[in-house]
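Each remark here refers to the structure printed beneath this line.
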Amino acid sequence: MSGVPATKGNLIKARKSLALAQNGYELMDRKRNILVKEMMAEVETVKKLRDQITDAYATGYFLLQQANVYSGVIDRVARRTKIESSIHVTYRSVMGVEVPKVIYHAPDHYEVPYGMEDTNAAIDEAYIQFQKVKEITMVLAEVDNTVYRLAHAISTTQKRANALKNIVIPRYQEQIRVMTADLEEKEREEFSRMKVIKANKEKQAKRAAA
């Protein structure tokens, strides 16, 4: 942008470009603040979920051990458990950032997928507990991924805002300053030239009258 001729047209263009850059920075800064606020709320959720899932897994493995103790190896029961196929992932937009939304409707009560003749209550408790683990895991995966995407968007937005604030805006401001100074100097020179021309004309008119 250096070396741009100091003309009124170029000065007008530079001022418009500066206004656009300043407006862009304000929008980027606002977007970053909103994304940070959204991410911090999700981070708090992640902390709570991690505590919940740690406790849920500990309880689940304890119940699984109890089931093994009372019923022996329960892999035959595990093989009867169906693979979860009712989970769907959609996306929502947060200031233009696509973040995941896990769709899963938890049942009001859990039904075991195996017969009762060769199992006991310990297996049922372990199964139900791991259903709860599954649900917490889904939510945690959703929120974790959301935090990652928001953090990446915040970093990108911050870089763009910094570029506008520290490079683009100062460059336009300097260009406007230089062109304004050059144009003012040209106006002073033109004013002085016109005064000299006027004075010479007055002298010539006096001589002609004499």
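Counting only protein heavy atoms and using a 1.4 Å probe, what share of the accessible area of the chain belongs to carbon plus sulfur, as a whole percent?
Numbers: 8130 of 14390 Å².
Whole-percent figure for carbon plus sulfur exposure: 56.
Mind listing the long-range amide H neighbours of residue 89? Cut-off is under 5 Å, sequence gap 5 or more, other chains count too, H placed in the peptide plane at 1.01 Å from N.
It is 103, by chain and number.
Just subtract the alpha-carbon distance of residue 167 and residue 98 from 0.36 nm times their residue separation and send over the number in nm, one decimal. Before the final figure, lay out the partial values.
Working: separation 69, 0.36 × 69 = 24.84 nm, distance 2.90 nm.
So the chain would gain 21.9 nm between residue 167 and residue 98.
How many nm separate the modelled label positions at residue 34 and residue 200, each set 7 Å beyond the Cα in the direction of the Cβ?
6.3
Just tell me which aspartates and glutamates come within less than 18 Å, Cα to Cα, of residue 8; anything on the same chain fewer than 8 places away is out.
Excluding near neighbours in sequence, the set is 174, 182, 184, 185, 187, 189, 190.
Enter the accessible area per residue of the chain (Å², integer; probe 1.4 Å; all protein chains in place).
That works out to 69 Å² for each residue.
Give the dimensionless ratio obtained when the Cα radius of gyration of the range 133-203 is divided by 2.2 N^0.38 Å. All intermediate terms of the calculation are to be shown ahead of the outcome.
Details: Rg = 29.8 Å, N = 71, 2.2 N^0.38 = 11.1 Å.
Taking the Cα Rg and dividing by 2.2 N^0.38 Å, one obtains 2.68.
PRE reach from residue 43 (point 7 Å along Cα→Cβ): which of the range 159-182 fall under 20 Å by backbone N?
159-162
Report, in deg cm²/dmol and to the nearest 500, the calculated mean residue ellipticity at 222 nm for the chain, where each DSSP H run with n ≥ 4 adds -39500 (n - 2.57) and the sum is divided by the residue count. All intermediate terms of the calculation are to be shown ahead of the outcome.
Working: 4 runs with 154 residues, N = 210.
Helix contribution divided over all residues of the chain: -27000 deg cm²/dmol.
At a Förster radius of 22 Å, what calculated FRET efficiency corresponds to the Cβ-Cβ distance of residue 86 and residue 145, to the nearest 0.05?
0.70
The values are calculated or read from the model by the stated rules, or taken from the named source; none is laboratory data. In this text, all values refer to a predicted model and were calculated from it rather than measured experimentally. Positions of Cβ are backbone-derived with ideal geometry, glycine not excepted, and every protein chain shown enters the neighbour counts. Accessible surface areas use protein heavy atoms only, side chains included; no ligands, DNA or RNA. Shrake-Rupley method; radii C 1.70, N 1.55, O 1.52, S 1.80 Å.
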